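Chemist: If you scroll down you'll find the structure; I have some questions about it.
The values are calculated or read from the model by the stated rules, or taken from the named source; none is laboratory data. Only a predicted model underlies this, so the values are computations on that prediction, with no experimental measurement involved. Here the Cβ positions follow ideal geometry from the backbone for every residue, glycine too, while neighbour counts run over all protein chains shown. Side chains are part of the model used for accessible areas, which takes the heavy atoms of the whole protein and leaves out ligands, DNA and RNA. Shrake-Rupley method; radii C 1.70, N 1.55, O 1.52, S 1.80 Å.
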Number of protein chains: 2
Amino acid sequence: MQIAIVVYDRLTALDAIGPYEVLSRLPDVELIFVGAAKGEQRTDTGRLGLIADRTLAEVPAPDVVVVPGGPGQTALMEDAELLAWLRAADATSAWTTSVCTGSLLLAAAGLLDGRRATTHWLAVDELARFGATPVRERVVEDGKYVTAAGVSAGIDMALTLAGRIAGDEVAQLIQLGIEYDPRPPYGAGSPATASAQAVETLRSLSRFS
Amino acid sequence: MQIAIVVYDRLTALDAIGPYEVLSRLPDVELIFVGAAKGEQRTDTGRLGLIADRTLAEVPAPDVVVVPGGPGQTALMEDAELLAWLRAADATSAWTTSVCTGSLLLAAAGLLDGRRATTHWLAVDELARFGATPVRERVVEDGKYVTAAGVSAGIDMALTLAGRIAGDEVAQLIQLGIEYDPRPPYGAGSPATASAQAVETLRSLSRFS
């Protein structure tokens, strides 16, 4: 099974690395970081370089597509090459997935029309604008389309997907291997539980506001 | 404030990227990925390249040291250059931290002698062998030494550290920004909650068994 994780300039690293850390541990998979060009892509903070090992064109028909989000997503919403690749890859994929604002790219490619999907909490209205039916859940499955909420939700999405692909026992082995027994020191991880001031601060800084 | 995350051949990506995603969002920080040499380091699966932007020698006195773990840690336990760098950096650091088996490298450098610390659940006995006092908690603080359990625990460690560095409100903003409201689809993330068979399977595959 071939898994392609798309990387691009100014992606959010954890969007990609959460799913990578889970899915790369599945048995009999070939996981590949793909980009418009081979080589280094800088993440949104400018502080990290990730390598795209293959071009999109070199990996035309992966079984699993993973599209991370991040500020760089905005510049790709009309990127003909990426959108064409997403449509073509989706035509034969077993699973088409995203983390955070990666779902906006799937939506821009027309793949989420009328489908239930999610994204970062700050981008939910944007997802509706591109034809999807936004759902405020951590992981949303609609047939082969599996979308995750913001950034860290890619870990939960990938464990869910690992269970679908390889069964619950394998997914649980992976969870134990990465010791994913989260204990956040605060309860501020959702707009429903964070302070109103924190929600307002991030809204005011959002590229979607 | 300067933050150095050490990368090396065959590290586990999420060990480094979890803390990166949190700590890079602190105000007024310069976060740098450092390695023995500049350039690409392959992660433990061989499927991802991360870039070290600077050499260890170029970043001799960071305020925060973050040492991730992974299979490549074993080969570094007697690496004179790295251990000397860790000792020197620790002499002036405000915080010396690790994720997963990164704490074994801190211990090998003599920095955890008699200190409370943690590591991946499979490596707890190893940590004791190198002079630390192992504690089976997700995040362990002993003065300026902050160590995390396996892989994904680096996110919890970094949020804890962010609170210490910049206060609870800033840490909570970061948590909300990365939507860290974990919902693991299984409860298998700890040897205390996973099946006995899963624990045994991973023990049998461990490089520490």
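Chemist: If I filter the range A:138-147 down to residues being open to solvent by less than 30 Å² (accessible area, probe 1.4 Å) and more than 9 Å from every other protein chain (Cβ to nearest Cβ), which single residue comes out as nearest to the chain's Cα centre (by Cα)?
Modeler: A:THR147
Chemist: Does the range A:87-109 include one or more residues that are part of a loop (DSSP other than H, G, I, E, B), within 13 Å of chain B (Cβ to nearest Cβ) and touching a residue at least 24 places away in the same chain (Cβ under 8 Å)?
Modeler: Checking the range A:87-109: at least one residue is part of a loop (DSSP other than H, G, I, E, B), within 13 Å of chain B (Cβ to nearest Cβ) and touching a residue at least 24 places away in the same chain (Cβ under 8 Å).
Chemist: Here is a further query. So how many residues does the range A:1-23 have that are touching a Gly at 6+ places or on another chain (Cβ under 9 Å) and open to solvent by 10 Å² or more (accessible area, probe 1.4 Å)?
Modeler: 3
Chemist: So, one more: Collect the residues in the range B:65-100 that are over 21 Å from B:ILE165 (Cα atoms) and touching a strand residue (DSSP E or B) at 6+ places or on another chain (Cβ under 9 Å), keeping them in residue-number order.
Modeler: B:GLY69, B:GLY70, B:PRO71, B:GLY72, B:GLN73, B:LEU82, B:TRP85, B:CYS100
Chemist: When you check B:GLY46 against the structure, is it outside any helix (DSSP H, G or I), open to solvent by less than 10 Å² (accessible area, probe 1.4 Å) and not aromatic (Phe, Trp, Tyr), yes or no?
Modeler: no
Chemist: On to the next question. Quick one: in the range B:14-50, of everything that is over 15 Å from the mean Cα position of the chain (by Cα) and touching a residue at least 40 places away in the same chain (Cβ under 8 Å), which residue is farthest from A:LEU11 (Cα to Cα)?
Modeler: Among residues in the range B:14-50 that are over 15 Å from the mean Cα position of the chain (by Cα) and touching a residue at least 40 places away in the same chain (Cβ under 8 Å), the one farthest from A:LEU11 (Cα to Cα) is B:ALA36.
Chemist: Further question: Given the criteria within 7 Å of chain B (Cβ to nearest Cβ), of a type in the set (D, E, K, R) and in a helix (DSSP H, G or I), does A:ASP156 qualify?
Modeler: When the stated conditions are applied, A:ASP156 passes them.
Chemist: Looking at the range B:169-198, which of the residues that are facing another protein chain (nearest Cβ under 7 Å) and in a helix (DSSP H, G or I) is surrounded by the most Cβ atoms within 10 Å (Cβ to Cβ)?
Modeler: Across the range B:169-198, the extreme among qualifying residues is B:GLN175.
Chemist: Something else now. Filter the range A:51-60 down to the residues that are more than 19 Å from B:ALA13 (Cβ to Cβ) and in contact with a strand residue (DSSP E or B) (Cβ under 8 Å, 6 or more places away or on another chain), then identify the one that is nearest to the other protein chains (Cβ to nearest Cβ).
Modeler: A:VAL59
Chemist: Another question about this same structure. Take the range A:122-137 and flag every residue that is crowded, with 22+ Cβ neighbours inside 10 Å and within 11 Å of chain B (Cβ to nearest Cβ).
Modeler: Those that are crowded, with 22+ Cβ neighbours inside 10 Å and within 11 Å of chain B (Cβ to nearest Cβ): A:LEU122, A:ALA123.
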